[in-house]
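Student: Following this message is one structure expressed as structure tokens.
Read-outs throughout are calculated quantities, based only on the coordinates presented, and are distinct from any laboratory measurement. Predicted model, so just to flag it, every value in this text is computed and none were measured. Cβ coordinates were reconstructed from backbone atoms using ideal geometry, including for glycine residues, and neighbour counts include every protein chain displayed.
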Amino acid sequence: MFDVAIIGCGITGAATAFMLSKYKLNLVVLEKENDIALGATRANSAIIHAGYDPKPGTMMARLNVRGCELAETLSKDLDVSYIKNGSLVLAFSEKEMETVKELYDRGVKNGVPGQKILSKEEVLEMEPHVSSAVIGALYAPSAGIINPWEYALAFAETAVLNGCEIRLNSGVTGIEKADFGYRLHTEEGYVDAKFVVNSAGVDSAAVHEMVAPKAFTIKPSRGDYYLMDKAEGNKAKCVLFQCPSEAGKGVLVSPTVHGNLIVGPNAVSCTDAHRVNTTQEGLAFVKQMAAKSVPDINYRNAIRNFAGMRANTDRDDFIIGMAQDQFLDLAGIKSPGLTSAPAIGEEAVKILSENGLTLIPKENPVTTRKTLRFKHLSGEEKARLVKENPLYGRVICRCETITEGEIVQAIHSPVPPVSIDGVKRRAGSGMGRCQGGFCGPRVLEILARETGKPPLSIMKDKEGSYILTEEIKKEAKS
């Protein structure tokens, strides 16, 4: 019997597990995929939004600003890659300048700190690669960039160290009401819990309807992106937004925490929330629109294209509240969901407490985390570490200087990876220009060795993404 079962381990579910794990509770997180953060958390713009965009008075506005505030502290405590580099909303016409002023006023009402409206000259001094057609911008210094899946992993790993159980490959197929709370049927058996938290992303409406009448509709929206090589990383210092429209916040150009440049997304309504593919038309649109902001991006330096899916709904706000007794919805967590996640976790704790969950704080919960990044060590520290463990002296990923020691460390982490991309998200191997072309086979070999699994069973990413299908040559017997 669990006190709380959380359905879904994207950034929202992981952050909620982290917040709840500080209390004396028996917790479980049920994730349908073979790793955490494989939905919207994996493929997004990686932005910590300042909070001027949501309508004042909404949960989205309040939780966005609070989440932005928490990100700086949590990224330090949990050793997550984060840069507070600020954002600009660029205006290219007098009409767009009116939008900029409206966003400024909205930000003031929402409590966004330090905002300024900049002139053309101030924008170009700050961002010399921005188009000379710009006439002004809204500057929000509290905005930033983060590693989204590392943020989710940090929450999940810390929750596990506090006693939370994470069950992968455990998609929920049905829910029964019981005297004690709920019985959740999964692909791996059933789970009994007193309280249930629905943070199932694009599947949150389907999960909601397992226990309550239809209350909202998921309207998934796909967005295509370019990820550029570090050679393009100097094209933007801040996050560069265009003026928002009904379709979203527009195509952005932004640096990443790894020193790359990200460009995108478009916004395309979809009927299948689980079919996330880039399209030629979508990428062409992104490229065309991004040129309005930064015209001199060299797309020959693109190293990867990807698409993400947003859990948009038929409402203008997050859907956070009790759907039934002991059943909490955290649904429709669209942008700025990544930013808002820790604040949503706080909100979930508050709501559950108000609805009967007994919360007794732990005396010394784990609230910090440290990750070893070999390339950031001093020469003396590297030498000492290699002497202690020679695996740190073997570079596996040449593009990002990731060592075998870091890969082994990732494989034995509190939420261990089962795929090559799972190792990539934890250790950084395969993140560079060749995108794993060189190091991928070595990572597969190390993963098979460390887990004791046959190489044929190792996935590229999700279940079914096999790399090897059969052995074609056996070693000759002596």
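Student: Please list, in chain and number order, the residues 5+ apart from Leu252 or on another chain whose amide H is under 5 Å from its amide H, with Hs placed from the backbone.
Tutor: Gly264
Student: Can you say what percent of the DSSP beta bridges in the chain, counting only those with both residues inside, are antiparallel? Round to 5.
Tutor: For the chain, the DSSP antiparallel bridge percentage is about 70.
Student: Now a separate question. Specify the inter-centroid distance of the range 1-68 and the range 182-226, based on alpha-carbon positions, in whole Å.
Tutor: First find each Cα centre; the distance between them is then 14 Å.
Student: Give the Debye-formula value of log10 I(q)/I(0) at each listed q (0.19, 0.21, 0.25, 0.26 Å⁻¹), with one equal scatterer per alpha carbon of the range 374-457, two decimals each.
Tutor: -0.79, -0.94, -1.23, -1.29
Student: Something else about it: For the chain, what does the alpha-carbon gyration tensor say about shape, rounded, prolate or oblate, given a ≥ b ≥ c as the root eigenvalues, a/c under 1.5 as rounded, and a/b over b/c as prolate?
Tutor: Oblate, since a/c reaches 1.5 and b/c is not below a/b.
Student: At a threshold of 8 angstrom on Cα-Cα distance, excluding pairs fewer than six apart, so keeping six or more, what relative contact order does the range 374-457 reach in percent?
Tutor: Once normalised by length, the contact order is 24 percent.
Student: Could you tell me the distance between the Cα centroids of the range 274-344 and the range 399-451, to the nearest Å?
Tutor: 26
Student: Checking the cross-link filter: which lysines have an alpha carbon closer than 28 Å to that of Lys230, excluding same-chain neighbours under 8 positions apart?
Tutor: Output for Lys230: Lys76, Lys84, Lys120, Lys249, Lys287, Lys292, Lys370, Lys375, Lys382, Lys424, Lys460, Lys462.
Student: Can you give me the relative contact order of the chain as a percent, contacts being Cα pairs under 8 Å and 6 or more apart?
Tutor: The value is 20 percent.
Student: Among 60-72, 364-376, how do they line up from the highest to the lowest mean number of other beta-carbon atoms within 10 Å?
Tutor: By packing density, highest mean first, the sequence is 60-72, 364-376.
Student: Then there is this: Mean residue ellipticity at 222 nm from the helices of the chain, using -39,500 (n - 2.57) per DSSP H segment of n ≥ 4 over the full residue count, to the nearest 500 deg cm²/dmol?
Tutor: Rounded to the nearest 500, the figure is -9000 deg cm²/dmol.
Student: With a 10 Å radius around each residue's Cβ, average the other Cβ atoms per peptide and rank 406-419, 349-362, highest first.
Tutor: Output ranking for 406-419, 349-362: 406-419, 349-362.
Student: Around Leu27, under 9 Å between beta carbons, what's the net of Lys plus Arg minus Asp minus Glu among the other residues?
Tutor: Once positives and negatives cancel, what remains is -2.
Student: Which order do the peptides 335-345, 296-306 take when ranked by the mean count of other beta-carbon atoms within 10 Å per residue, highest first?
Tutor: Most protected by this proxy first, the peptides run 335-345, 296-306.
Student: Hey, another quick one. Can you check how the C-alpha radius of gyration of the range 214-312 compares to 2.2 N^0.38 Å, as a plain ratio?
Tutor: Dividing the Cα radius of gyration by 2.2 N^0.38 Å gives 1.11.
Student: Here's another thing I want to ask about it. What are the ³J(HN,Hα) couplings of the range 460-471, residue after residue, when phi is run through the Karplus curve with 6.51, -1.76, 1.60 and θ = phi - 60°? Round to Hz, x for glycine and proline.
Tutor: 6, 8, 6, 4, x, 8, 5, 9, 10, 10, 6, 8
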